[in-house]
Amino acid sequence: MSQGSRNAKSRIALRINSVLFLLGIVASGPALAEGPGQTGDSIPTIPGLRGPRHSKSVQRKLQMRDAAADGWDTEVFNNLAGAQLKRLGKLLGHPDRIDVAHLRDLAADDISCTPLRPKSFDSVFQDGAVRVRQETKPSQEPSGPLVGLESFVEAVKQLALPFGGDSRTRVKFKIVTVEPHPDSVTTVAYFHAAGWPSSGAVQQNATWTCRWVRGANGEPPRLTWIGVDQFVETTSPAGGKTLMADCTEAVLGQNASFREQLLVGLDQWRASIHSMLDIGFTGPQGLSVSDINGDGLDDLFVCQPGGLPNRLYVQNPDGTATDVSAEMGVDFLESTRSSLIIDIDNDGDQDLVLATGSDVFFFLNQGSGKLVPSAVVPLPYALAISAADYDNDGDLDIYVCCYSDPDRATSTPIPYHDANTGRPNVMLRNEGRGQFIDVTELVGLNANNRRFTFAASWEDYDNDGDLDLYVANDYGRNNLYRNDSGWFKDVAAQAGVEDISAGMSVSWGDYNNDGLVDLYVSNMFSSAGNRITYQRRFKTEVDQSIRSQFQRHARGNSLFENVGDGTFRDVSVESGTTMGRWAWSSNFIDFNNDSHEDLFIANGFVTNEDTKDL
C-alpha cells in the first residue's frame, strides 16, 4: 500500500475512533464470536476459511456498531423508536394513508397528545417572501389533550394539511434524549418537515416529547403520549415564490467542465482517482467570489480535490459564467483546500492565494485577470486561509490554518476533546510585492497553536483600531487572539468564548444591532452525543466537569453576544441558534435587506445509506 493510501485510511480511522470515543461506547461488551468464516457481528469472510479474517482491533470497532453488544439499551430503544417516528413522518406527504390502519402499529389505542400543529399561531415575522408563525402559549389553547387513536389520526392530518399532499415532503426526527422508566420510555426529539405544495414552500420545526410503551416479543414500541413544544411554521405566501432560487445550472451549465466534472459526485471520482492524490471523501474544498478581471462583475474560483483541475469561472454581462481555468493557468491538479481573491500587492487589481496539500501559492494579477506565480510558501496540509492587515501597514497579511499532519504519529488528537497535538497555524506577514515571511512566533500567535484548526476570522471586537483573530478548532479549545498593536494574546478563556466543541467555522456580525460585533461559531451537533453523554453510565470514572465538556461538545453551534467590556455572553440556547446539524460553515448576512443580520449555515456529512452507527 502506498504512503498516500495509508495516510488517507488513517484519517478515516481517526475520525471513526474519535466519534466512537465521543459517544463513550468503547469501553465494555462481551467477547466477539470467532467461528469459521465469520467474526461475530462483523464483515463476513470467505466460506471455508477457519477463524476470523480481521484483526482484533477491527473486530472490536465493528462490534461497537451494535449498541446491544455494549449493553446500551437506551441506544437500542432509540433505533426502535426512531424507526417508528420515521414511518410516521413518511405519512405527511401522503394524507390518503393517514388512517387508523396505518397508525395502529405506531400508537396505542388510548394514545393522548397535544395538537401536533397548534390551533392558534402568533405571527413573529413577515415580509414579501416569508412568513414565520409560532405556537401560541399552550395555556391559551381552548381545549385539552386529544385522546384515542381516532383523535390521533385527526391530529396527524392537521399536521400534514399545509403540505397539500406533496409527495416530496421530507420529514426528519432527531432523538436527543432517551429516559427509561419501569413501565415506559420517554424520548425527546427534534422534528423538522419541509414540503413544496402548489402554494409555495412550507417548513415546520418543533420539539416532540414522546412516551412509549415497549413492544412485547421483539415488536416495536408504540406511542402513548406526544407533547409538542416550540412549534414554528414558515411559509412563502407570495405566489409560491421562495426567498432563494438555485441558479447554478443557469450560470455554469454551458461549460463542459461543469457538466463533466462538477456534476459528478466525489464517490465516482474516488473510484477512478488514486487516493495518494488526496481526493478524500468529505469534500473540504472551498471557493471564492470576487472580480478578478476588473470588469465590475464578480467571478468564481472553485477549489478541487487532488486529481481534479481547479476551476475559474469569469462572469459574463448576461449573468452566465465562462470557464477560463486553462487560459489563466490555474487548472493544476494539486489538491486545493481554500482560496482567496484579494489584492496582495496594492496595485488595484485582484490577485489569487491558494492553500494546497503541500504549499500556499501566490499569483499576481498582471491586469485584465492575467495571473502569474509570485511566491510559494511550503506549508503541508494547509486547510484554510484568511486575510487581514493585522499590523496596519496598508497591505494584507495571511493567516494559514494547518489542522494536522497525518505523516506524524503525534497528530492524533490527545485528549480528544481538548487536544494540543495538531499542526501549528502560520501567520504570514506581507513584505510587499507579493512576498511573505513567517512571523507566527514573532507576534505571539504560537501560543495554544496546535489545536486542529478548521477556520479563522478577523474582526476588531474591542474597537481599539486593530484587527483581532478568532480561531475555530476541531478538537481543541477555540482561540481569541486579541491584537494589541501587532502583538497577540489568547484571551478566549477570559472573554468567555473558548467554546469546547468541534469548531468548524466562525462568523462575526452585530446580530442585535447594539453597535458591538458579536460572534457565531458553527460546531458539530450530535443527536447521539446528546443522548449518550447525559446517561448515568456514561464515563462514570471521570468527574462531572469532564462529562460536561463532552455534553457541550455535542450541543451544537454557539452565539456569543459582545458585552462591550472585552467579554462575551453565551446566548446560544436562548436565541435558538444551537441546532445547525453537522455545521461546516456559517455566515451572518442580511438576506432580506431589513437591516438585521441573518444566519446561513451549511451542514451535512457523507450522504449514503444509514449504517445506524451514529
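Within segment 350-370, which residues are in a strand (DSSP E or B) and open to solvent by less than 20 Å² (accessible area, probe 1.4 Å)? Step through it out loud before you land on a result.
Start the filter on segment 350-370 by keeping residues that are in a strand (DSSP E or B), which leaves 351-356, 359-365.
Of everything in segment 350-370, those that are in a strand (DSSP E or B) and open to solvent by less than 20 Å² (accessible area, probe 1.4 Å) turn out to be Asp351, Leu352, Val353, Leu354, Ala355, Thr356, Val360, Phe362, Phe363, Asn365.
Inspect all residues belonging to segment 468-477 and state whether any of them is modelled with pLDDT of 90 or more and open to solvent by 10 Å² or more (accessible area, probe 1.4 Å). No, because not a single residue in segment 468-477 is modelled with pLDDT of 90 or more and open to solvent by 10 Å² or more (accessible area, probe 1.4 Å).
Per-residue answers, yes or no, for (1) surrounded by fewer than 18 Cβ atoms within 10 Å (Cβ to Cβ); (2) assigned to a loop (DSSP other than H, G, I, E, B):
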{"residue": "Asn293", "(1), (2)": "no, yes"}
{"residue": "Gly296", "(1), (2)": "yes, yes"}
{"residue": "Phe301", "(1), (2)": "no, no"}
{"residue": "Val314", "(1), (2)": "no, no"}
{"residue": "Thr322", "(1), (2)": "yes, no"}
{"residue": "Asp331", "(1), (2)": "yes, yes"}
{"residue": "Glu334", "(1), (2)": "no, yes"}
{"residue": "Asn346", "(1), (2)": "yes, yes"}
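Do you know which residues across segment 86-98 are more than 19 Å from His192 (Cα to Cα) and either crowded, with 21+ Cβ neighbours inside 10 Å or without any contact (Cβ under 8 Å) to a residue 24 or more places away in the chain (or both)?
Taking segment 86-98 first, the residues more than 19 Å from His192 (Cα to Cα) are 96-97.
Hit for segment 86-98 is Arg97, nothing else.
In the set Ala107, Ala83, Ala101, only one residue is among the small types (Gly, Ala, Ser) and open to solvent by less than 10 Å² (accessible area, probe 1.4 Å); that residue is Ala107.
When the residues of segment 432-448 are narrowed to those that are among the hydrophobic types (A, V, I, L, M, F, W, C) and assigned to a loop (DSSP other than H, G, I, E, B), which ends up surrounded by the most Cβ atoms within 10 Å (Cβ to Cβ)?
Within segment 432-448, the match that is surrounded by the most Cβ atoms within 10 Å (Cβ to Cβ) is Leu445.
The residues of segment 488-535 that are at pLDDT 85 or above, closer than 15 Å to Ser572 by Cβ and among the β-branched types (Val, Ile, Thr), listed by number, are Val497, Val506, Val521.
Does Val497 count as of a type in the set (Val, Ile, Thr), out of contact with any Cys (no Cβ under 7 Å at 6 or more places or on another chain), over 17 Å from Ala387 (Cβ atoms) and open to solvent by less than 10 Å² (accessible area, probe 1.4 Å)? Yes: the conditions hold for Val497. Looking at (1) of a type in the set (Lys, Arg); (2) on the phi < 0 side of the Ramachandran plot; (3) modelled with pLDDT of 80 or more, can you tell me which one Arg581 breaks? Tallying (1) of a type in the set (Lys, Arg); (2) on the phi < 0 side of the Ramachandran plot; (3) modelled with pLDDT of 80 or more, Arg581 fails exactly one: (2).
For segment 520-536, give me each residue that is farther than 30 Å from Ser586 by Cα and touching a residue at least 12 places away in the same chain (Cβ under 8 Å). Don't jump to the end; show me each part of the working.
Here is the first cut: in segment 520-536, the residues farther than 30 Å from Ser586 by Cα are 535-536.
The answer is Gln535, and nothing else.
Looking at segment 506-594, the helices (runs of 4 or more DSSP H) lying wholly inside it that each contain 3 or more residues that are more than 22 Å from Thr453 (Cα to Cα) and open to solvent by 20 Å² or more (accessible area, probe 1.4 Å) sit at 544-555, 572-575.
Look through segment 99-130, keep the residues that are assigned to a strand (DSSP E or B) and of a type in the set (Ser, Thr, Tyr), and return whichever of them is nearest to the chain's Cα centre (by Cα). Quick ask: steps written out before the conclusion?
So in segment 99-130, the residues assigned to a strand (DSSP E or B) come out as 107-113, 121-126.
In the following step, the residues that additionally are of a type in the set (Ser, Thr, Tyr) were identified as 112, 123.
Values: Ser112: 36, Ser123: 29 Å.
Among those that are assigned to a strand (DSSP E or B) and of a type in the set (Ser, Thr, Tyr), it is Ser123.
Residue under question is Lys172, and the condition is that it be part of a loop (DSSP other than H, G, I, E, B), surrounded by fewer than 21 Cβ atoms within 10 Å (Cβ to Cβ) and charged (D, E, K, R); does it hold? No: the conditions fail for Lys172. For segment 598-608, the criterion of being surrounded by fewer than 21 Cβ atoms within 10 Å (Cβ to Cβ), more than 21 Å from the chain's Cα centre (by Cα) and without any contact (Cβ under 8 Å) to a residue 40 or more places away in the chain is met by none of the residues.
Here is the figure for segment 479-490: residues that are out of contact with any helix residue (DSSP H, G or I) (no Cβ under 6 Å at 6 or more places or on another chain), crowded, with 20+ Cβ neighbours inside 10 Å and of a type outside the set (D, E, K, R) total 3.
Okay, residues lined up against (1) modelled with pLDDT of 85 or more; (2) under 21 Å from Val132 (Cβ atoms); (3) in contact with a helix residue (DSSP H, G or I) (Cβ under 6 Å, 6 or more places away or on another chain):
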| residue | (1), (2), (3) |
| --- | --- |
| Arg552 | no, no, no |
| Phe560 | yes, no, no |
| Asp570 | yes, no, no |
| Gly576 | no, yes, no |
| Asn593 | no, yes, no |
| Phe605 | no, no, no |
| Asp610 | no, no, no |
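Criterion applied to Glu498, Glu441, Glu431 was being within 26 Å of Tyr416 (Cβ to Cβ) and free of Cβ contacts under 8 Å to residues at least 24 places away in the same chain, and the one residue passing it is Glu498. For segment 186-204, the set of residues classified as outside any strand (DSSP E or B) and polar (S, T, N, Q) consists of Ser198, Ser199, listed by residue number. For segment 223-274, taking the residues that are modelled with pLDDT under 80 and part of a helix (DSSP H, G or I), the one that is farthest from the chain's Cα centre (by Cα) is identified as Ser272.
Residue under question is Leu469, and the condition is that it be farther than 20 Å from Tyr381 by Cα, of a type in the set (A, V, I, L, M), touching a helix residue (DSSP H, G or I) at 6+ places or on another chain (Cβ under 9 Å) and in contact (Cβ under 8 Å) with a residue 12 or more places away in the chain; does it hold?
Values: farther than 20 Å from Tyr381 by Cα: yes; of a type in the set (A, V, I, L, M): yes; touching a helix residue (DSSP H, G or I) at 6+ places or on another chain (Cβ under 9 Å): no; in contact (Cβ under 8 Å) with a residue 12 or more places away in the chain: yes.
Spelling it out, it is not the case that Leu469 is farther than 20 Å from Tyr381 by Cα, of a type in the set (A, V, I, L, M), touching a helix residue (DSSP H, G or I) at 6+ places or on another chain (Cβ under 9 Å) and in contact (Cβ under 8 Å) with a residue 12 or more places away in the chain.
The residues in segment 449-501 that are over 26 Å from the mean Cα position of the chain (by Cα) and not in a loop (DSSP other than H, G, I, E, B) can be counted, and the count is 7.
The values are calculated or read from the model by the stated rules, or taken from the named source; none is laboratory data. From a predicted model like this one, the values you see are computed outputs, not experimental measurements. Note: ideal-geometry Cβ built from the backbone for every residue, glycine included; neighbour counts use all protein chains shown. Surface areas here come from the heavy atoms of the whole protein model, side chains and all, with no ligands, DNA or RNA. Shrake-Rupley method; radii C 1.70, N 1.55, O 1.52, S 1.80 Å.
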